Amino acid sequence: MADAGAVPPIRGSPDATWRDELRALTRLATPIVGANLLQMAVTSIDVLFVARLGAGDFAAATFGVFLFSITLWSIGSMVAASSPIIAAERGRRRHAVREVRRTFRMSLWLAVAACLPFLVLLGRGQWLLRLAGQDTAVAARAGAFLVVLRWALLPAVAATAMRTATAALDRPGWTLFVSAMAVGVSALTNWLFVYGHGGFPAMGLEGSALASVVTLTAAMVAYCAILAFDRRLRRYRLFGRWWRPEWSRLGEVARLGFPIALAVMFEGGLFGGAGLLMGLIGVEAVAAHAIAINIASLTFQVPLGIAQAATIRVGLAFGAADLAAITRAGRVALAVGIGVMGLAATGIWLLPRPLIAAYIDPDLPANARVVALALRLLVVAAVSQLLDGAQAVSGGILRGLQDTRVPMFIALFGYWGVGFGAAALLGFRLGLGAVGVWCGMAVGLAMVTALFGLRWRRREQLGLLPDRGRSVAKAGTGSVPPSHAVTLSGFTAAGADEREQAR
């Protein structure tokens, strides 16, 4: 398992081809995509168990998971800014062991600091939902759910930091292993805690929250063991002197990560805000929205994984100042991301009813209205798949260029200035209801996709590319590779890096 998903060593070559880049991206992205899908399976397991508790608990879990997830996605994305930094350091190959360790250490510091205020805020979930105008009973159940679920935040964010480092250091197979383990732990603990099997009391909704705490803590512990004992990763001694501050590196991770966190919050907030709008329409609209958003989120994990891999690929080329490799990595990632989402759109379009059946029984008369509405929402979701794939990968390659501040403003404008405004207009002013809300979200996605794509195409004019004068020879690396993954032996062979292992 230690070698699972590892990408072969990369050495520079002027003859690098698009096929080389496709092969390198695929070998890096495949385990990441698999891990993302398995992580979604963990969430889906929670939904499947809670859905059978009744519409009220299902709606409460939907709101609670939204508040928790948007917090986790935002903080996790901020911490994951270590990915392009690690990739750039590996591309430069100067003191990479030491610099990678510093980046990882400070990303963990940032994770802990960012979680603390949200532990308090999530404890007031009922108040937040009442402030948003949600039903009193549903808000109370969601609040009780969050009181337990919030304790999963810190282990989840710490696991995200470790997962990011594992993938950026060419060991993405471990992310697949940990996510598969988490699926099993989640299924078992939900079965034990929600319905009261194995001698445990039946805790219902709160039991599902406790299952998430146990699952995410187990994932964190697994990553700790991997980073400490994997024969390649342990050479970095990533947990060495974890108390030692590196303020400049902390500032660098925060500078790149904070805009990413806000951009993710704006994007997730759009979909979560749409859920709140559904709450104003009715419980059935919330249930249909929850089903459709879960299906769309499942397919989104594929371009998300490709985007995460593309950040590393572009970051490696950025660090080595190889402009041709930057172009090649970005274009290949975009082509692959849009292509796979075309397949996903076709699947949703052709098989909507079997997909809905994974969540509720479509043949029960009591579910008829929810199923009918979910079918209509999935039509919009199918059309939106290409947009979703393009914006995800575009954002990923821009992060590889360490460009995060302007994309944050693009996300704010596109998702909220355009998307949420269009959702409210179409859903309420024009009377299209839930379908109008989803059409508005699609308009927001289209705007962000167009602006991200324009920024990528104009990367040279906008000064986003590395200085050509910062040559690869000066960095001591050779040209950026077509099939990139610098071996750790290449790092540790240098005497300077060996002497700094304890730092």
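The values are calculated or read from the model by the stated rules, or taken from the named source; none is laboratory data. These figures come from a predicted structure and were not determined experimentally. In this analysis, Cβ positions are derived from the backbone assuming ideal geometry, glycine residues included, and neighbour counts consider all displayed protein chains. Note: areas computed on protein heavy atoms with side chains; ligands, DNA, RNA excluded. Shrake-Rupley method; radii C 1.70, N 1.55, O 1.52, S 1.80 Å.
Ordered by residue, what ³J(HN,Hα) values in Hz, to whole numbers, does the range 365-371 give under the Karplus form 6.51 cos²θ - 1.76 cosθ + 1.60, where θ = phi - 60° and Gly and Pro are x?
Karplus-based 3J(HN,Hα) across the range 365-371 equals x, 5, 9, 4, 5, 5, 5 Hz.
Count charges around Phe413 for me, please; just the other residues with Cβ under 14 Å from its Cβ, Lys/Arg as +1, Asp/Glu as -1.
Net charge in that neighbourhood comes out at +1.
Counting helices only, and only those DSSP H runs with n ≥ 4, report the 222 nm mean residue ellipticity of the chain as the sum of -39,500 (n - 2.57) divided by its residues, in deg cm²/dmol to the nearest 500.
-25000 deg cm²/dmol
Pop a pseudo-label 7 angstrom from the Cα along the beta-carbon direction at both Ala228 and Arg369 and give the gap in nm to one decimal.
Reported label-point gap for Ala228 and Arg369 is 5.4 nm.
Compare Met220, Met40 by solvent-accessible area with a 1.4 Å probe and give them largest first, with all protein chains kept in place.
Sorted descending by solvent-accessible area, the residues read Met220, Met40.
Beta carbons within 10 angstrom, averaged per residue: use that to sort the peptides 365-376, 434-445, 386-397, 20-31, highest first.
386-397, 434-445, 20-31, 365-376
Which three lengths, in whole Å and largest first, does the range 220-349 cover when its Cα atoms are put on their principal axes?
Sorted largest first, the three principal extents are 53, 39, 30 Å.
Report, to the nearest whole %, how much of the accessible area of the chain belongs to carbon and sulfur atoms, 1.4 Å probe, protein only.
Solvent-exposed carbon and sulfur of the chain make up 66 percent of the total.
Based on the Cβ-Cβ distance from Leu343 to Leu462, what FRET efficiency comes out when R0 is 30 Å, to the nearest 0.05?
0.40
Please list the non-local residues whose amide H lies under 5 Å from the amide H of Asp230, H modeled 1.01 Å from N, same-chain partners needing a gap of 5 or more.
none
What residues from the range 147-187 fall in the zone where the backbone N is under 20 Å from a label point 7 Å along the Cα-to-C-beta line of Leu116?
Output list for this probe position: 150-161.
Count charges around Leu445 for me, please; just the other residues with Cβ under 11 Å from its Cβ, Lys/Arg as +1, Asp/Glu as -1.
Once positives and negatives cancel, what remains is -2.
Could you run the Karplus curve 6.51 cos²θ - 1.76 cosθ + 1.60 with θ = phi - 60° over the range 78-86 and give me ³J(HN,Hα) per residue in whole Hz, x for Gly and Pro?
5, 5, 5, 4, 5, 4, x, 5, 4
Full extension from Met181 to Ala357: what is 0.36 nm times the residue separation minus their Cα-Cα distance, to one decimal in nm?
60.8 nm
Excluding Ile32 itself, what net charge comes from residues whose Cβ is under 15 Å from its Cβ, given Lys and Arg +1 and Asp and Glu -1?
Net charge around Ile32: +4.
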